[in-house]
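Bear in mind these aren't lab numbers, they're just calculated from the coordinates by the rules spelled out. Keep in mind it's a predicted model, so treat the numbers as computed, not measured. No Cβ is skipped: glycine too gets one built from the backbone with ideal geometry, and neighbour counts run over all protein chains shown.
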Amino acid sequence: DCLLSRGLGDVYKRQPNHKRRVNPMQEADIRRTNLSQLLRRKRCLRVLEAHSPISALLAEQSRLERGSGPSLVYDAIWSSSLTDSTHKGLPDIEILSPSNRLHGIREIFDVCSLPMIFDGDTGGKAEHFAIHVKMLDRAGVSAVVIEDKCGLKKNSLFGNAVSQLQDSIEEFCEKIRVGCANRSHEDLLIIARCESLILDKGMDDAIERCLAYVAAGADGIMIHSRKKDGLEILEFARLFRRHCPRVPLICVPTSYAHLSFDELEGAGFNAVIYANHMLRSAYMAMRDVAVGILEHGRTLEVEPRCLGIDEILDLVPGTR
Ligand code: SPV
Ligand code: MG
């Protein structure tokens, strides 16, 4: 109990050089539990994508001190199917299974104590999802999000520009029930992601589905939208809250990037996921640096786009 209420961050801080006194099972329990505790404690969580140990370290170390009020930090990391696939040079079409991705997640967990929300794509076949839930549970993942699509999954931000199929409410509810039945801890949250707005099925369809998913046992809802003005996401939150005032509600403001965290929190969201920004920013800098060295025949001009060697040495504990 004492360990759980302190959380992993504090356990690590007390251990010089990240030497842990907790055993791996305790560690997985603490990490898994931290997300549901945070959701109870805070009105809205900030979640940043991490696709590698170094990006996870940066997420954990990022802190904005403010004169008054508590400093701002990220509460959790998002394991994105888009960035995990891209990082490996593969398309975001569910080609990496959760068991493939767990190798990278264990490396992340070795250096970062934040809880993780795992993007589980469609969850695959219910029989596969049952096994993947057990694996994620054992590793200490805090939440798995599955989306209500079926067939060959394509990235949501394509919308109807590519062929994407939505699952039936009945089939998807069954997958949620299978997920819930196969976890050994209720602290592993099963979150249902609704793609009705992505696929232009309308607000009524989105609300009907989300209510069915909650009734089937989903611990929370992720609602996704690719509309740039952000109006439909705010409207969804308003309508959903009428039916479900307390069910955790998550959004991914990639398309409606002008909406601030405070605005989304005010609209009733409980977690805001910045789903791909660590990968996009890193690889933009890499692309420019690679071309810049060719262009200038030296590295002087690209140095401002690179982290200083001193900063790298400070970033990774145990380097000095
Ligand atoms: C991801 O990050 O892989 C997501 C969010 O699923 S999106 O790319 O917007 O579909
Ligand atoms: Mg994804």
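Any idea which of Leu279, Cys244, Phe269 is furthest toward the positive side of the dipole for region 221-286, if Lys and Arg beta-carbons carry +1 and Asp and Glu beta-carbons -1?
Cys244
In 5 Å bins starting at zero, report the fraction of Cα pairs in region 106-256 per bin as a rounded %.
Final binned percentages: 2, 10, 20, 21, 20, 15, 9, 3, 0.
Please report, in cubic angstrom per residue, the volume enclosed by the convex hull of the alpha-carbon atoms of region 24-148.
Spread over its residues, the Cα hull of region 24-148 gives 115 Å³ apiece.
Dipole size in debye (nearest 20) for region 199-246 around its Cα centre, Lys and Arg Cβ +1, Asp and Glu Cβ -1?
Computed about the Cα centre, the dipole is about 160 debye.
How would you rank Met135, Met284, Met116, going from fewest to most other Cβ atoms within 10 Å of each one's own Cβ?
Sorted ascending by nearby Cβ count, the order is Met284, Met135, Met116.
If you take the beta carbon distance between His128 and Met203 as r and set R0 to 30 Å, what does 1/(1 + (r/R0)^6) give as a FRET efficiency, to the nearest 0.05?
0.40
Using Cα pairs closer than 8 Å and at least 6 residues apart in sequence, work out the relative contact order for the chain, in percent.
It rounds to 18 percent for the chain.
In deg cm²/dmol, rounded to 500, what helix-only [θ] at 222 nm does the chain give when every DSSP H run of at least 4 residues adds -39500 (n - 2.57) and the total is split over its residues?
Result for the chain: -14000 deg cm²/dmol, rounded to the nearest 500.
What length, rounded to one decimal in nm, is gained on full extension from Arg305 through to Arg246, with 0.36 nm per residue of separation minus their alpha-carbon distance?
My answer for the length gained is 16.9 nm.
Have a look at Phe118, Gly67, His87 and report the one farthest towards the positive end of the charge dipole of the chain, computed about the Cα centre with Cβ charges (Lys/Arg +1, Asp/Glu -1).
Gly67
For the chain, modelled as a Gaussian network with Cα springs under 10 Å, which listed residue fluctuates most, Met203, Met222, Met286?
Met286
In whole Å, what are the extents of region 172-216 along the principal axes defined by its C-alpha atoms, from largest to smallest?
36, 15, 14
Evaluate Rg over Rh across the chain, taking Cα atoms for both radii and Kirkwood's formula for Rh.
With Rh from the inverse mean 1/r over Cα pairs, Rg/Rh is 0.97.
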